[in-house]
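Data first, discussion second: the structure below is written as structure tokens.
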Amino acid sequence: MKALIQRARGARVEVAGEVVGAIDQGLLALIGVEPHDTPSSVEKILHKLLNYRVFSDAAGKMNLSLSDIGGGLLLVSQFTLAADTKSGLRPGFSSAAPPVLGAELFDLLVTQAQAKHPLVATGQFGADMQVHLVNDGPVTFLLES
């Protein structure tokens, strides 16, 4: 499982012109599910999402996590994150999980995140989404389970 995280001053997701999920300060996490992922992958990536230290402390060092600052977590499914881009000029998607597995593990991630963190918002799995972000820094990392 992959999570492309971006430290945000604010982010929102729209589907058909309506906001379906939004956060103020926190993390936007684009989530890619791969065929070999399991519920254990979900647990590992969620631990990283909540505890990865990407927010500045009083000294200006990246020493604080999402849990430390009480920020929002915006989870957005993005199967293209699992694309194979090693050869050619067109992405291949055989390295992405089938939609049923992707939806199952993304839903599990959302459920577990909501149980462990007070501010969780989401996009809509499989929808054509418009993602708006004010990237703080910019700060972007690729996390893998």
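Structural remarks
- Taken over segment 48-68, the criterion of being surrounded by 14 or more Cβ atoms within 10 Å (Cβ to Cβ) and not basic (Lys, Arg) is satisfied by LEU49, LEU50, TYR52, VAL54, PHE55, SER56, MET62, LEU64, SER65, LEU66, SER67.
- Residue check for ASP68: more than 18 Å from GLY32 (Cβ to Cβ), more than 13 Å from the chain's Cα centre (by Cα) and of a type outside the set (S, T, N, Q): yes
- Test: residue in segment 86-103 that is hydroxyl-bearing (Ser, Thr, Tyr), assigned to a loop (DSSP other than H, G, I, E, B) and over 21 Å from SER41 (Cβ atoms): yes
- Residue check, THR111 under 30 Å from SER56 (Cα atoms), within 15 Å of the chain's Cα centre (by Cα), part of a helix (DSSP H, G or I) and not aromatic (Phe, Trp, Tyr): yes
- In segment 80-96, the residues that are under 15 Å from the mean Cα position of the chain (by Cα) and buried (at least 20 other Cβ atoms within 10 Å of the Cβ): ALA82
- Close contacts from segment 60-78, counting a first residue that is at negative phi and free of Cβ contacts under 8 Å to residues at least 12 places away in the same chain and a second that is assigned to a strand (DSSP E or B) and surrounded by 14 or more Cβ atoms within 10 Å (Cβ to Cβ), with Cβ to Cβ under 6 Å and a gap of 6+ residues or different chains, come to LEU64/PHE55.
- Segment 3-37 - residue that is in contact with a strand residue (DSSP E or B) (Cβ under 9 Å, 6 or more places away or on another chain), among the hydrophobic types (A, V, I, L, M, F, W, C) and surrounded by fewer than 19 Cβ atoms within 10 Å (Cβ to Cβ) and, of those, farthest from VAL54 (Cα to Cα): VAL15
- Every residue from segment 87-121 that is out of contact with any strand residue (DSSP E or B) (no Cβ under 8 Å at 6 or more places or on another chain), free of Cβ contacts under 8 Å to residues at least 12 places away in the same chain and either of a type outside the set (Lys, Arg) or under 27 Å from ALA8 (Cα atoms) (or both): SER87, GLY88, LEU89, VAL100, GLU104, THR111, ALA115
- Verdict on GLY123 being of a type outside the set (Val, Ile, Thr) and closer than 17 Å to GLY26 by Cβ: yes
Just so you know, all these numbers are worked out from the coordinates, no wet-lab data involved. All values derive from a computational prediction rather than experimental measurement. Don't worry about glycine lacking a Cβ; one is built from the backbone with ideal geometry, like all the others, and counts go over all protein chains shown.
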